[in-house]
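Before any comments, here is the structure.
Read-outs throughout are calculated quantities, based only on the coordinates presented, and are distinct from any laboratory measurement. Predicted, not measured: the structure shown is a model, and the values here were computed from it. Cβ atoms come from the backbone with ideal geometry, glycine included; neighbour counts cover every protein chain shown.
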Amino acid sequence: MNQTSWGIIGAARIAREQVIPAIARAEAGEVVAVSSASGKAGQYAEELGIARAYDSHDDLLADPQVESVYIALPNGHHAEWIRRAARAGKHVLCEKPLVLGPAELELVEEAATAGNVVVAEAFMYRYHPQLEALRDLLADGTLGDPVAIEARLHFGLERAPESAGATDIRLDPALGGGSLLDVGCYPVDLFGLLTDAEPDEVMGTAVRDHPEGVDTRFAGTLRYGDVLASFDCSFDSPFRGSATILGARGSVTLSDVFRADRMGGVGAMVVETEAGTREMAPTGDQYAAQATAFARQVRTGHGDDGPWRWTTYACRTLDRLAAAATPAH
Ligand SMILES: NC(=O)c1ccc[n+]([C@@H]2O[C@H](COP(=O)([O-])OP(=O)(O)OC[C@H]3O[C@@H](n4cnc5c(N)ncnc54)[C@H](OP(=O)(O)O)[C@@H]3O)[C@@H](O)[C@H]2O)c1
């Protein structure tokens, strides 16, 4: 069986709502411990039926019953805890974006190699069957040579008045917040996954609420060889997470490419070619499939090297986009 014993680092909302239930659905092992640096572990463990609760992440890392950890801390804390976990010999599934930039990625990679552990980024959308269907459409020539890819991910973040400071980890520059890193990472990861490359050129522009603040809206234009890619993202609209791939012979639109779970796991793809319009609805449980894939990698000691390559592409590309964006205004 592809199972591992899990420790949860951070009493996080995403762990409670998605990842812990998905580990159970996937039968990918048992969650045996949770840690919270802000004292929330006890109540969290009780509510979710987790056997052990720690007030320190280091204490969780010292627990011999924990083989793997899932890290759901703010983006700016990922690299530090991945490295500490790797040093403790724990395998790591860590939330996206894995790290804040290439320098952190290098340190994380070194730690994973030294600790001989699996480190994986929790980009769950990669595990939905619509991604496989999309890659098939590109590989079998249905769409012809790719010409342009456009993708977006937006959602509405409740904001307190500016005077209240950063009330959400996504708005705090010190915690690695910002729309490019938090949600723009999805379209950028999709571009890398579909092109299996890093872009030759990037352009970016950002909206910031105030000069010291994070970007709250971001748009980018990229060129991968002769394929154009563009995306936008923000914290300021009802949820939208879509992509359109235009090829020389047709196009496909995925209306829920990143969060098909919001539609009960049903993917919605519309393929338009000279042969007509075809609708496809590949269905799957992306959070559960992610848990299965991670546990399998832990058990077999190796896996498909695609996911790490895509993580590397996205990390470097996000860094270039941030540097390319217009200064705060
Ligand atoms: N894959 C997905 O679908 C998805 C969806 C949403 C978010 N995410 C990612 O998941 C991660 C967590 O997001 P979330 O929405 O679940 O976050 P959250 O519940 O607001 O916070 C997660 C944990 O971060 C720590 N934390 C919160 N505020 C902090 C602060 N001001 N300073 C230091 N630590 C703080 C806390 O850990 P302690 O318990 O130790 O205090 C908290 O339990 C992020 O990396 C985000 O990008 C992924």
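Here the simple spin-label model places points 7 Å from the Cα toward Cβ, and for Arg25 and Arg135 these points are separated by 2.1 nm.
Here region 38-175 is treated with +1 on each Lys and Arg Cβ and -1 on each Asp and Glu Cβ, and its dipole about the Cα centre works out to around 100 debye.
Residues whose amide H comes within less than 5 Å of that of Leu98, counting only those at least five positions distant or on another chain, are absent (H built at 1.01 Å from N in the peptide plane).
Local charge for Asp226 was computed over the other residues whose Cβ lies under 14 Å away, with Lys and Arg +1 and Asp and Glu -1, and equals -2. Note on Arg262 and Glu110: with the Förster distance fixed at 41 Å, the Cβ-Cβ geometry gives a FRET efficiency of about 0.65.
Measuring nothing but how far apart in sequence close Cα pairs (under 8 Å, 6+ apart) lie, relative to its length, region 12-153 scores a relative contact order of 15 percent. Once you reduce region 1-68 and region 174-223 to the center of their Cα atoms, the two points are 31 Å from each other. Checking every one of the trypsin sites (Lys or Arg not before Pro) in region 198-271 against DSSP loop status and a limit of 16 other Cβ atoms within 10 Å picks out Arg249. Per-residue extension of 0.36 nm, minus the Cα-Cα distance of Met1 and Glu47, leaves a gain of 13.8 nm for this segment.
Checking the a/c ratio against 1.5 first, then a/b against b/c, what shape does the Cα gyration tensor give for region 238-329? Note, shape of region 238-329 comes out oblate. Computed from the Cβ-Cβ distance with R0 of 35 Å, the FRET efficiency linking Val207 to Thr277 stands at 0.50. Helical content alone sets the calculated 222 nm signal of the chain at -9000 deg cm²/dmol, taking -39,500 (n - 2.57) per DSSP H segment of four or more residues and averaging over every residue.
Sparsely packed loop sites in region 100-187 (the GluC sites (Glu not before Pro) outside DSSP H, G, I, E and B with at most 16 other Cβ atoms within 10 Å) comprise Glu158.
In plain terms, the residue of Lys40, Lys90, Lys96 with the fewest other Cβ atoms within 10 Å comes first and the most crowded comes last, giving Lys40, Lys96, Lys90. Where Lys and Arg each count +1 and Asp and Glu each count -1, what net charge lies around Asp256 among other residues with Cβ under 12 Å from its Cβ? Here the charged neighbours net out to +3.
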